[in-house]
Amino acid sequence: MNVLKYLGIVLLLIGVGVLVVPFLSNSSSNSLLGIGLLLIIVGFFGHILLNRRIQS
């Protein structure tokens, strides 16, 4: 169950990595930006919810 504790952080980091790709390639593809934003939001809320579930 301790592995799930870090799932939200991993999703956040993957989202940031997806956002770095368009920045480094000097393009602004809306699909990549949307996917990165979605991963960051899901990772943020996932981290909060999973930590509440594990602590209680």
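The values are calculated or read from the model by the stated rules, or taken from the named source; none is laboratory data. Remember, predicted model here, so these are calculated numbers, not experimental data. Glycine also receives a Cβ, built like all others from the backbone with ideal geometry; neighbour counts cover every protein chain displayed. Quick note on the areas: whole protein, heavy atoms, side chains included, nothing else; ligands and nucleic acids left out. Shrake-Rupley method; radii C 1.70, N 1.55, O 1.52, S 1.80 Å.
Could you look through region 23-56, keep only residues that are in a helix (DSSP H, G or I) and among the polar types (S, T, N, Q), and pick out the one that is least open to solvent (accessible area, probe 1.4 Å)? Let's see the steps before the verdict.
Here is the first cut: in region 23-56, the ones in a helix (DSSP H, G or I) are 23-25, 30-55.
Of the ones still in play, those that are also among the polar types (S, T, N, Q) are 25, 30-31, 51, 55.
Working: S25: 69, N30: 128, S31: 75, N51: 32, Q55: 160 Å².
Once the filter is applied, the top-ranked residue is N51.
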*Sole residue being in a helix (DSSP H, G or I), at pLDDT 85 or above, in contact with a helix residue (DSSP H, G or I) (Cβ under 8 Å, 6 or more places away or on another chain) and surrounded by fewer than 16 Cβ atoms within 10 Å (Cβ to Cβ), chosen from V16, V20*: V16
*Given (1) open to solvent by 60 Å² or more (accessible area, probe 1.4 Å); (2) free of Cβ contacts under 8 Å to residues at least 24 places away in the same chain; (3) in contact with a helix residue (DSSP H, G or I) (Cβ under 8 Å, 6 or more places away or on another chain), where does V10 come up short, assuming only one miss?*
(2)
*Considering only residues of region 11-37 that are under 12 Å from the mean Cα position of the chain (by Cα) and β-branched (V, I, T), which is nearest to L50 (Cα to Cα)?*
I14
